[in-house]
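Chemist: Here it is, the structure in full.
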Amino acid sequence: MQKMLCRSFLLSVLFYLLLFCCSTNAEGDSSIPLINPDELSYRQIQFVLPQAKRIVLDNGIILYIFEDHELPLVNISAVIRTGSNYDPAGKEGLAELMGTLLRTGGTQSISADAIDESLDFFAGSLSVSMSRDSGSLSLSVLKDNVDEGLHIFSQIMTNPAFEESKIAVAKKLKIEELRRIADDPQKLAFRELKRLLYGDNPAGRLPSSTSVHNVHRDDLTRFYTQFFYPKNIMIAVSGDISSEQAIMKIKKYFGSWNKSIQHFTQPPIPAKQKGHIYFLSKDIPQSVIITAQLAPGKKNHDTYAFELLDFILGSGGFKSRIFQQIRNNLGLAYSTGSFYTKLSGYGVFGAYAMTKSETTANVLSHIRTLIRDVQTSVIDKKELESAIKSIHNNFIFSFHSAEQIALQQLVMEYDDLPGDYLAQYRDRIAKVRTEDLMRVANTYLSLDDAVILVVGNETAYNQLVFSFKNVSRIEGSL
Amino acid sequence: MLNNSVKRYILLIASILFFISMHGKAFSYDLEKKVISHTLENGLKILMVERHLSPTVSFYIRHRVGAVDEADGRTGSAHLLEHMLFKGTKTIGTKNFRKEEAILRNIAKIGESLDRERMKERGADKTRIDSLTKELEALQNAHKKYFVDNEIDRLYTEHGANDINATTSQDLTSYHVSLPSNKIELWARIEADRMTSPVFREFYSERSVVMEERRQRIESNPEGQLYEQFLASAYIAHPYRRPILGWPSDILFLDPGYMEAFFKSSHAPNNTVIAIVGDIEPAATLNIIKQYFGSIPRRALNPSPITKEPTQRGERRISITSDANPSMIIGYHKPAMPEYDDYVFDVLEYIVSKGRTSRLYKTLVEKKGVAKSILTANGIPGSRYQNLFVIFAKPRHPHKSADIELSIYEEIEKMKTNAVSTRELEKAKNQLKADFIKNLDSNLELANTISYFEILIGDYRYITNHLKIIEKVTPEDIVRVAKKYLVSENRTVANLVKKN
């Protein structure tokens, strides 16, 4: 087989050489210009939005399935409406610990150690993660181990045991993790920023060693009972399994799970904080600078324009304004740029840079100027067109694995986005005009609302107080 | 442009080697059948895998040159060169290359004079430094008129690229990107050009960027400092002792002249492997490669001599003091692939630290509760030369590093006296098989894997050729290897001690 392929290659290469010998020579001669890469032409790509199958089980579990039989792998994910936003005051860290304990705390029918041994032996990976407004469990197994994997996966979700000894280990490890956050300037900065940006909102309340210490087994079971019931869960199955098999197996392992709806109220949307510059002292030669503020949330129509604005400002690669100015032109940072996170009901925009203490104020001024620029000067049409083209062409990478395809559609429904959201996405991006960018820049990025945090040494502090008014020192929350 | 991919490579190596040792034999055979291999006349090696789940394609270009090949006093050259290759070419990013070239020559001349003066430190002529600095700035400003920044990134980004990046390791320099599958020619146009005609624009400001990168990864990062000092102690002569980013005093004086020579002696087609995986039509893809890369001339490679590491004669212990919680690294010298014992270490690594039931995790984190985390890696910091088996561990307060160190040694001694059970061996193999298959799920990872073995071993099929050797690994091998290498005289221990 290999030989045959090689031979057919040789033939085609020979053919090619005959056909292109002149131009091939030209390619090697630097005096003759190469084709301008902007003038290369490409065939059209055939891309049909892949569709996962959607089923609703009798007990209310929503199931998405996407088959892909190339590799003998099956991925199963469950998404649950829960999250650390629901942590009770004084017990911050509860949601995360519950997630950890689902994975490590055993079930009523299988002990924690037996689960670990079983998963390690058939090499199934099972992880649980908890974000602010959702929780997810992911199982990845070889095709032959789907039943063993699903048995554990379903028991964990329907009958967790929360073994006391495992709770003790998880709490101690979480407290140790908190103890070590301040060792890492970036982790420290992003943690403290949440507190400053969200104020009293649940999103601004963070786990501490005291709050973790206060979490007990009955808190975990109560939290679990509140959120884990069929109508609050969506499952995605993808990989080397037929739809019929997937439905049959999910019914087998979850079909008899009947638990009534629990009622919980969604946490409030964070209120805008007053803009300010905060300084947290740490003896490091390089400052971490972050400026952040609230931005449009997932269902807000401004997201399209805002996504482009963020791309142009600092997330669109080397050409984006913050990167180009601070890293390229000035050589003042290695990591710099912006980010835009869309959440339910609100979003967050941030810009960041890490620069030596001596240039801290200078870099912060540059970031603020670049943000002010998009509010006061119309963005060049070409710059917008380039951003639109980039996002348009990159869209297909949102569907390059079966798991991604199934989850993508599940998340659309979780977020209550319209059914044609993905199909319409590129057109909506393409319709954004330069005036929309200026409008969203002025609506969301007022410098007066920017919550700025600098973590750095005393040189950085002296620089900031020299260049900016109202710089306040804060103490870390750890 | 990260440079911390070494560890990922090691995991990959381990997974692939292991997978072969197990039942997935049929699977490895399939992979070999799927890889199409071709060598151009100029020595450029091309590997292709066709798969059509998504209309995308991933590319890896690897040159067999890394930090290990730098001259002393020039550390950081390979890494800065990797940054410079994003600055465009004679035809990408220029408005008028003839004018640019003249200015760039002057920039290099003034920059080198300025560096020479600054090197005199206290004996330097401050007035001369000031006037040269001004002259350099004026030239840099004049240069701005003639070029467009970041055109390589702009072209890729506009055409929908994912994962545009490059890595420099001790052993290799690699450039990778994923694109929609109709953009193969764009990739070839850019990459062939930067392999032959890069232009080192903004050299001196990029050097400052790398200093910031060092501040971020090392000076402000206690773990980075510990790792750097650990390697500098575990190796006393071999260049693996030096940081990939370079020592700060070397970075400050890296010069474009040396870099150009370094580039020419390493980025030759006969020192390069390309892997392309995804929605391709192989014959057509090969034609494009031929068209763009075929005429790049083969070049003589003149690698510098590499000092061999002398045998370690006793334990080495170092510590660094930092405003951070305690952490430790323990390393043992060992042979690199393709030595048989390296495969035994791959097995050993999975048994001791992969998964919640692995020996070190189970004992130190769960049962004794003395550690916060424990990881091991086989093949640090590279694989072209003899390397290390390394253990990274953090104690859990109030336990001390000394407590976990003792527990680690106890576990190591158990490996020497009691052979591992067949179930434990099988478990490790099952995990590696699964890891390997999961890794194939991504075009980029598959391109990464096959190009890595091809450039490092000289043939990606090395992995299948070693099937039989791997299958021979027995519990007794693990005992023997533990007894031979995991001994105190062969050990380097680095401790991060919290500043009071």
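A short reminder: the numbers here are calculations on the coordinates, not readings from a lab. Keep in mind the model is a prediction, meaning the values are calculated, not measured. Virtual Cβ from ideal backbone geometry, glycine too; neighbours counted across all protein chains shown.
Chemist: Can you order the peptides B:301-311, A:103-113, B:146-156 by their average number of other Cβ atoms within 10 Å per residue, highest first?
Modeler: B:146-156, A:103-113, B:301-311
Chemist: Just in the range A:380-478: which GluC sites (Glu not before Pro) are loop by DSSP and have at most 16 other Cβ atoms within 10 Å?
Modeler: Here the GluC sites (Glu not before Pro) that fit, given the DSSP loop and packing criteria, are A:GLU475.
Chemist: Hey, another quick one. Would the protein assembly as shown count as rounded, prolate or oblate if I go by the C-alpha gyration tensor, calling it rounded below 1.5 in a/c and otherwise prolate when a/b exceeds b/c, oblate otherwise?
Modeler: Since a/c stays below 1.5, the shape of the protein assembly as shown is classed as rounded.
Chemist: Arrange A:MET130, B:MET48, A:MET98, A:MET412 by Cβ neighbour counts within 10 Å, fewest through most, would you?
Modeler: Sorted ascending by nearby Cβ count, the order is A:MET412, A:MET130, B:MET48, A:MET98.
Chemist: From the Cα gyration tensor of the range A:209-250, with a ≥ b ≥ c the square roots of its eigenvalues, which class applies: rounded if a/c is under 1.5, or else prolate if a/b is larger than b/c, or else oblate?
Modeler: Prolate, because a/c is 1.5 or more and a/b exceeds b/c.
Chemist: Give the order of B:ARG62, A:ARG372, A:ARG195 when sorted by the count of other beta carbons within 10 angstrom, beginning with the fewest.
Modeler: So the residues, fewest neighbours to most, are A:ARG372, A:ARG195, B:ARG62.
Chemist: Rounded to whole Å, give me the distance from the Cα center of the range B:323-364 to that of the range A:197-258.
Modeler: Each part's Cα centre sits 34 Å from the other's.
Chemist: Quick check: from the Cα gyration tensor, does the range A:391-463 come out rounded (a/c under 1.5), prolate or oblate?
Modeler: prolate
Chemist: A follow-up question, please. Convex hull volume of the Cα atoms in the range A:431-478, per residue, in Å³?
Modeler: Taking the convex hull of the Cα positions in the range A:431-478, it is 141 Å³ per residue.
Chemist: Further question: Just want the ordering: A:THR221, B:THR422, from fewest to most Cβ atoms lying within 10 Å of their own Cβ. Write down the numbers at each step before the final one.
Modeler: Values: A:THR221 15, B:THR422 10.
Arranged by neighbour count, lowest to highest, A:THR221, B:THR422 become B:THR422, A:THR221.
Chemist: Next question, about the same structure. Enter the mean number of other protein chain beta carbons within 10 Å of the beta carbon of each residue in A:87-95, as an integer.
Modeler: The shielding value for this peptide is 0.
Chemist: Next question, about the same structure. Using the structure shown, select from A:LYS319/B:LYS45; A:LYS187/B:LYS368; B:LYS99/B:LYS120; B:LYS308/B:LYS484; A:LYS174/A:LYS194 the pairs with a Cα to Cα distance greater than 23 angstrom.
Modeler: With Cα atoms farther than 23 Å apart: A:LYS319/B:LYS45; A:LYS187/B:LYS368; B:LYS99/B:LYS120.
Chemist: Something else about it: Evaluate peptide B:211-223: per residue, the Cβ atoms of other protein chains within 10 Å of its Cβ; return the mean as an integer.
Modeler: 6
Chemist: Let's see if you can work this out: charge +1 on each Lys and Arg Cβ, -1 on each Asp and Glu Cβ, no other charges. What is the dipole magnitude of the protein assembly as shown about its Cα centre, in debye to the nearest 20? Don't jump to the answer; show the numbers that get you there.
Modeler: Values: 123 positive and 116 negative charges, 204 e Å.
Taking the Cα centre of the protein assembly as shown as origin, the dipole is about 980 debye.
Chemist: Hey, which of these cross-link pairs are over 20 Å Cα-Cα: A:LYS166/A:LYS249; B:LYS433/B:LYS472; B:LYS400/B:LYS498; B:LYS394/B:LYS498; B:LYS334/B:LYS483; A:LYS282/B:LYS499?
Modeler: Values: A:LYS166/A:LYS249 30 Å; B:LYS433/B:LYS472 17 Å; B:LYS400/B:LYS498 11 Å; B:LYS394/B:LYS498 12 Å; B:LYS334/B:LYS483 12 Å; A:LYS282/B:LYS499 13 Å.
Checking Cα-Cα distances, A:LYS166/A:LYS249 exceed 20 Å.
Chemist: Return one quarter of the surface area of the convex hull spanned by the alpha-carbon atoms of the range A:53-254, equal to its mean projected area, in nm².
Modeler: 12.1 nm²
Chemist: Another question, if that's okay. Averaged over B:54-61, how many beta carbons belonging to a partner chain fall within 10 Å of each residue's beta carbon?
Modeler: Taking all residues of B:54-61 together, the mean is 3.
Chemist: Where the centre of each part is set by its Cα atoms, how far does the range B:252-319 sit from the range B:365-393, in angstrom?
Modeler: Result: 28 Å between the Cα centres.
Chemist: Here is a follow-up. Excluding B:ALA393 itself, calculate the net charge of residues whose Cβ lies under 9 Å from the Cβ of B:ALA393, where each Lys or Arg counts +1 and each Asp or Glu counts -1.
Modeler: Around B:ALA393, the charge tally is +1.
Chemist: When the scattering of the range B:316-498 is computed by the Debye formula from its Cα atoms alone, each counted once and equally, what is log10 I(q)/I(0) at q = 0.09 Å⁻¹?
Modeler: Normalising to I(0) and taking log10 leaves -0.35.
Chemist: Right, here's the next one. GluC sites (Glu not before Pro) within the range B:370-467: which are DSSP loop residues with at most 12 other Cβ atoms inside 10 Å?
Modeler: none
Chemist: Could you tell me the ratio Rg/Rh of the range A:276-474? Both radii from Cα atoms, Rh via Kirkwood.
Modeler: So for the range A:276-474, dividing Rg by the Kirkwood Rh gives 1.01.
Chemist: Using DSSP H assignments, which helices in chain A have an axial alpha-carbon span of 27 Å or above and a mean Kyte-Doolittle hydropathy of 0.5 or higher?
Modeler: A:2-28
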